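Novice: Just dropping this structure here.
The values are calculated or read from the model by the stated rules, or taken from the named source; none is laboratory data. Computed from a predicted model, the values in this text were never measured in an experiment. With ideal geometry, Cβ positions are generated from the backbone for all residues, glycine too; neighbour counts draw on all protein chains shown.
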Amino acid sequence: MLFCYRLRFLPRIVPGLVLLCVLPSCALWDPLLDIDEFAAYAEQVFKQQNAITDQIIDAAELLNKEQYARLSQAELKMHDACQLLNEYAVRERDGLERGIFFQQQVQRSISGCDQSLKSVAKLLHELQVAD
């Protein structure tokens with residue numbers, strides 16, 4: 001009898017539990033960028049990262065030991081900041097799943113990657129001017 005009494009409240013509890021599970025996932029989507037804008041921005045930042053990596057390779061042989069150490073440290077920070085973007089590009093290239101949660105992680109990290117690229121570009125300019 002007690003079991004049946006508790007079951008009659010089940011229809012009232014289930015919708016509330018569903019809402020508790022669904023609502024937090026709604027807050028994960030960033031409405032600032034739609035998917036096409038995000039893809040274009042991600043591609044732009046990825047291409048910029050590749051161009052800066054090429055510049056680092058070209059500049060490395062022209063730098064003294066201290067300058068090379070500074071540039072190497074900045075490059076490592078850049079690769080750390082852009083790690084999710086690079087993983088996204090690899091998944092896209094290989095035709096692997098890029099789920100919504102992963103895309104949101106990339107979207108949240110891409111501005112840090114972009115800032116890191118700007119820092120490395122500025123350092124490259126400073127080091128080439130100093131020579």
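Novice: Which of the residues that make up the range 83-131 are closer than 30 Å to L62 by Cβ, of a type outside the set (D, E, K, R) and not in a helix (DSSP H, G or I)?
Specialist: So in the range 83-131, the residues closer than 30 Å to L62 by Cβ come out as 83, 85-86, 89, 112-131.
Right, trim to of a type outside the set (D, E, K, R) and you get 83, 85-86, 89, 112-113, 115-117, 119-121, 123-125, 127-130.
If the condition is that a residue be closer than 30 Å to L62 by Cβ, of a type outside the set (D, E, K, R) and not in a helix (DSSP H, G or I), then no residue fits.
Novice: Now for a separate question. Quick check on A69: is it surrounded by 11 or more Cβ atoms within 10 Å (Cβ to Cβ) and in contact (Cβ under 8 Å) with a residue 40 or more places away in the chain?
Specialist: Details: surrounded by 11 or more Cβ atoms within 10 Å (Cβ to Cβ): yes; in contact (Cβ under 8 Å) with a residue 40 or more places away in the chain: no.
No; evaluated as a whole, the condition is false for this residue.
Novice: Now for a separate question. Report whether or not R70 is within 18 Å of T53 (Cβ to Cβ), modelled with pLDDT under 95 and of a type in the set (D, E, K, R). Full working, then the answer.
Specialist: Details: within 18 Å of T53 (Cβ to Cβ): yes; modelled with pLDDT under 95: yes; of a type in the set (D, E, K, R): yes.
Taking the combined requirement at face value, the residue satisfies it.
The rows are residues; the columns are (1) exposed (fewer than 12 other Cβ atoms within 10 Å of the Cβ); (2) assigned to a helix (DSSP H, G or I); (3) modelled with pLDDT of 85 or more.
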{"residue": "R6", "(1), (2), (3)": "yes, yes, no"}
{"residue": "P31", "(1), (2), (3)": "yes, no, no"}
{"residue": "A42", "(1), (2), (3)": "no, yes, yes"}
{"residue": "Q49", "(1), (2), (3)": "no, yes, yes"}
{"residue": "I57", "(1), (2), (3)": "yes, yes, yes"}
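Novice: I need a count of the residues in the range 72-131 that are in contact (Cβ under 8 Å) with a residue 24 or more places away in the chain, more than 20 Å from D34 (Cβ to Cβ) and of a type in the set (A, V, I, L, M, F, W, C).
Specialist: Within the range 72-131, residues that are in contact (Cβ under 8 Å) with a residue 24 or more places away in the chain, more than 20 Å from D34 (Cβ to Cβ) and of a type in the set (A, V, I, L, M, F, W, C) number 11.
Novice: Could you go through the range 21-29 and let me know if any residue there is at negative phi, assigned to a helix (DSSP H, G or I), modelled with pLDDT under 90 and surrounded by 10 or more Cβ atoms within 10 Å (Cβ to Cβ). Break it down into steps so the answer makes sense when it comes.
Specialist: First, pick out the residues of the range 21-29 that are at negative phi: 21-29.
Then keep just the ones that are assigned to a helix (DSSP H, G or I); that gives 21-26.
After this cut, where a residue has to be modelled with pLDDT under 90 as well, the list is 21-26.
Restricting the remaining residues to those that are surrounded by 10 or more Cβ atoms within 10 Å (Cβ to Cβ) gives 25.
Looking through the range 21-29, at least one residue is at negative phi, assigned to a helix (DSSP H, G or I), modelled with pLDDT under 90 and surrounded by 10 or more Cβ atoms within 10 Å (Cβ to Cβ).
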